[in-house]
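**Student:** Take this structure, written in structure tokens, and hold onto it; I'll ask about it next.
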Amino acid sequence: MPRTKNEVLTIRTTAEVKALLRLAAEKERRSAASMIEVLVLDYAASHGLVAPEPARPGRKGNSQ
């Protein structure tokens, strides 16, 4: 099942990090955004990190 991408992330970084990101992305034939996603997911997997499930609308505090 494909993930819905509906979040925006803006970062400030150095020219060196930006250049390295572009080089890595080009080597993998990815966009910079896709490369960041892969790097974060790989890091999370190798360090046992799991994202919390997002809250579902209409479920907050509803214990009926």
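**Student:** With the dipole of the chain worked out from charges on the C-beta (+1 for Lys and Arg, -1 for Asp and Glu) around the Cα centre, which of 49, 10, 31 lies farthest toward the positive end?
**Tutor:** So the residue we want is 10.
**Student:** Using a 10 Å cut-off around each Cβ, can you sort 9, 41 from fewest to most neighbouring Cβ atoms?
**Tutor:** 9, 41
**Student:** Still on this model: Quick check for me: using +1 on Lys/Arg Cβ and -1 on Asp/Glu Cβ, what's the dipole size of the chain about its Cα centre, in debye to the nearest 20?
**Tutor:** 240
**Student:** Compute the helix-to-body angle for 32-46: its Cα long axis versus the longest principal axis of the chain, expressed 0 to 90° and rounded to tens.
**Tutor:** Taking the Cα atoms of the chain, the angle to 32-46 is about 70 degrees.
**Student:** Counting only helical runs of four or more DSSP H residues, what would the 222 nm mean residue ellipticity of the chain come to if each run contributes -39,500 (n - 2.57) and the total is spread over all its residues?
**Tutor:** Mean residue ellipticity at 222 nm (helix-derived): -14000 deg cm²/dmol.
**Student:** For residue 43 and residue 14, FRET efficiency with R0 = 25 Å and r from the beta-carbon atoms, rounded to 0.05?
**Tutor:** With R0 = 25 Å, the Cβ-Cβ based efficiency is 0.80.
**Student:** Output the 0 to 90 degree angle, nearest 10, between the alpha-carbon long axis of helix 15-27 and the longest principal axis computed from the alpha carbons of the chain.
**Tutor:** Once rounded, the angle reads 90 degrees.
**Student:** Quick one: length gained pulling residue 34 to residue 53 fully straight, 0.36 nm per residue minus the C-alpha distance?
**Tutor:** Result for the pair: 4.7 nm of gain on full extension.
**Student:** Fewest Cβ neighbours within 10 Å first, please rank 26, 16 accordingly.
**Tutor:** Ordered by Cβ neighbours within 10 Å, fewest first: 16, 26.
**Student:** Going by how many other beta carbons lie within 10 Å of each one, how would you line up 34, 46, fewest first?
**Tutor:** Fewest to most other Cβ atoms nearby, the residues stand as 46, 34.
Values quoted throughout were computed directly from the atomic coordinates according to the rules given, and no laboratory measurement underlies them. Since the model is a prediction, treat every value here as computed from it, not as a measurement. Methodologically, a virtual Cβ is constructed for each residue, glycine included, from the backbone with ideal geometry; neighbour enumeration extends over all protein chains shown.
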